[in-house]
1. For the chain, which whole-number percentage of the solvent-accessible area (1.4 Å probe, protein heavy atoms only) is attributable to carbon and sulfur atoms?
2. Just the accessible area per residue of the stretch 44-120, please: how many Å² with a 1.4 Å probe?
3. Quick one: if you stick a label point 7 Å off each Cα along the C-beta vector at Ser26 and Glu51, how many nm between them?
4. In a shell of Cβ-Cβ distance under 12 Å around Ala109, excluding Ala109 itself, what net charge do Lys and Arg (+1) and Asp and Glu (-1) give?
5. Helix-derived [θ] at 222 nm for the chain: sum -39500 (n - 2.57) over DSSP H runs of at least 4, divide by residue count, nearest 500?
6. As a test, work out the antiparallel percent of DSSP beta bridges whose residues both lie in the chain, rounded to the nearest 5.
7. Compute the signed sum of charges (Lys and Arg +1, Asp and Glu -1) over the other residues within less than 10 Å, Cβ to Cβ, of Ala186.
8. So how much slack lies between Arg181 and Asp119, counting 0.36 nm per residue of separation and subtracting their Cα-Cα distance, in nm?
Amino acid sequence: MKLVYVFDAYCGWSHGFSGTLAEVASRHPDLPVDVVSGGLFTGSRRVPVREFGYVQGANAQITELTGAEFGEAYEELIADGSFVMDSEAAARGVAALRQAAPSRAAELAVALQHAFYVDGLSLSDAATYRKVAEAAGLDADAVLAAFDGPGVRVAAGADFHRAASLGVTGFPTLLAVGGDRVTVLARGRATADEVDQRLATLRTA
């Protein structure tokens with residue numbers, strides 16, 4: 001059995017789930033975690049953030065329910081309103097980082113969301129991936145070369161397809177996958193204890 005975490009790097013609720021994801025991964029080192037980008041802001045949804053009037057209200061709710069931090073630099077970005085969240089670019093970045101350290105994909109997904117939601121860094125900017133890669137002790141030049149290469153474009157598209165084929169319609173979604181069985185462990189938000197309870201049920205089934 002393995003865990004499959006379907007998220008979007010530009011999804012506030014996914015940011016809110018970061019603490020749970022990190023804790024679950026820490027508690028279950030025997031369970032590999034696949035990280036899959038879902039593609040929240042693509043096509044016609046790739047517009048300036050000011051067009052999503054609910055963002056600041058949703059973020060306040062996320063903080064209240066999960067304790068997630070939203071940094072001052074991010075708040076300034078949202079207040080300006082001109083920033084465009086591009087999930088395809090973010091998915092390419094996730095793929096580049098995942099390629100550099102597959103076993104650390106969950107950790108790197110959390111770090112990437114911190115870069116945006118706390119540090120206010122664009123996930124379309126190669127410099128953001130250099131910072132995340134260097135902080136993680138990875139080969140930053142290799143990560144940037146991958147981010148700009150054709151391979152991660154294919155990987156991003158494959159991620160979007162995989163998320164859809166798994167039946168995921170909202171982010172974040174944490175799944176347990178074993179053989180042909182796919183079980184939802186969490187959708188939107190959950191504590192690590194709640195995920196553990198569901199995992200325990202699966203393991204005794």
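The values are calculated or read from the model by the stated rules, or taken from the named source; none is laboratory data. In this text, all values refer to a predicted model and were calculated from it rather than measured experimentally. Note that each Cβ is placed from the backbone with ideal geometry, even for glycine, and that neighbours are counted across all protein chains shown. Side chains included, ligands, DNA and RNA excluded: accessible areas come from the protein's heavy atoms. Shrake-Rupley method; radii C 1.70, N 1.55, O 1.52, S 1.80 Å.
1. Carbon with sulfur: 51 percent of the solvent-accessible area.
2. Details: 3570 Å² over 77 residues.
Each residue of the stretch 44-120 exposes 46 Å² on average to a 1.4 Å probe.
3. Label-label distance for Ser26 and Glu51, simple model: 4.0 nm.
4. On the way: positive: Arg98, Arg104; negative: Asp8, Asp34, Glu107, Asp159.
Every neighbour counted, the sum reads -2.
5. Working: 10 runs with 110 residues, N = 205.
Per the formula, -16000 deg cm²/dmol.
6. Counting DSSP beta bridges with both partners in the chain, the antiparallel share is about 70 percent.
7. Local charge sum for Ala186: +2.
8. So the extension gain works out to 18.5 nm.
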